[in-house]
Amino acid sequence: MISLTYGAALLVSTACIALLDARFRLVLWREGRRSLIVLAIGIAFFLVWDLIAIAQDFYHRGESEAMTGIMLAPELPVEELLFITFLCYVTLVLHGLIALGLTRSGRLHETAR
């Protein structure tokens, strides 16, 4: 039986991060092309990392009833790609949020002078 629980949770979480990103124009809604390039590089980096770990026999797919069982490669479930995408995107949004906070903080200090 195929379960979409884990994949759906990752997609919903990514959608929530996208809403936060859109609301505050942090990453994709600020510099879309540049952000997509950085996101793609991060995803590619971690996929290569996983493939190397799999080839070295350090990484094995865990068994869970919450996963689809769909494999992108031996020992590489589709949920891993969803997780890597979420991880990279949330990191970019967090960076954008911190940068926005520092920018606003700097503006507040300048107006107080």
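The values are calculated or read from the model by the stated rules, or taken from the named source; none is laboratory data. Every value quoted in this text rests on a predicted model; they were computed, and no experiment measured them. Positions of Cβ are backbone-derived with ideal geometry, glycine not excepted, and every protein chain shown enters the neighbour counts.
Just name the residue that is farthest from L82 (Cα to Cα) out of those in segment 21-38 that are loosely packed, with under 12 Cβ neighbours inside 10 Å and of a type in the set (D, E, K, R). Before you say what the answer is, go through the steps one by one.
Start the filter on segment 21-38 by keeping residues that are loosely packed, with under 12 Cβ neighbours inside 10 Å, which leaves 23, 32-34, 37.
From what's left, of a type in the set (D, E, K, R): 23, 33-34.
Details: R23: 22, R33: 20, R34: 21 Å.
This residue is R23.
Beta carbons closer than 6 Å, at least 6 apart along the sequence or on distinct chains, pair a first residue in segment 46-66 that is without any contact (Cβ under 8 Å) to a residue 24 or more places away in the chain with a second that is part of a helix (DSSP H, G or I) for Y59/A53.
Quick check: anything in segment 63-75 in a helix (DSSP H, G or I) and either out of contact with any Cys (no Cβ under 9 Å at 6 or more places or on another chain) or not aromatic (F, W, Y) (or both)? No, segment 63-75 contains no residue that is in a helix (DSSP H, G or I) and either out of contact with any Cys (no Cβ under 9 Å at 6 or more places or on another chain) or not aromatic (F, W, Y) (or both). Checked against the criteria, H109 does not count as at pLDDT below 90 and outside any helix (DSSP H, G or I). Scanning segment 39-77 for residues that are aliphatic (A, V, I, L, M) and surrounded by 16 or more Cβ atoms within 10 Å (Cβ to Cβ) turns up L39, I43, L47, L51, I54, M67, L76. Taking first residues from segment 93-104 that are under 20 Å from S13 (Cα atoms) and partners that are of a type in the set (V, I, T), the Cβ contacts under 6 Å between residues at least 6 apart in sequence or on separate chains come to V93/I17; V93/V27; G96/V27. Filter segment 35-69 for residues that are farther than 27 Å from H95 by Cα and polar (S, T, N, Q); which is modelled with the lowest pLDDT? Once the filter is applied, the top-ranked residue is S64. Residues in segment 1-33 that are among the acidic types (D, E) and assigned to a helix (DSSP H, G or I): D21 alone.
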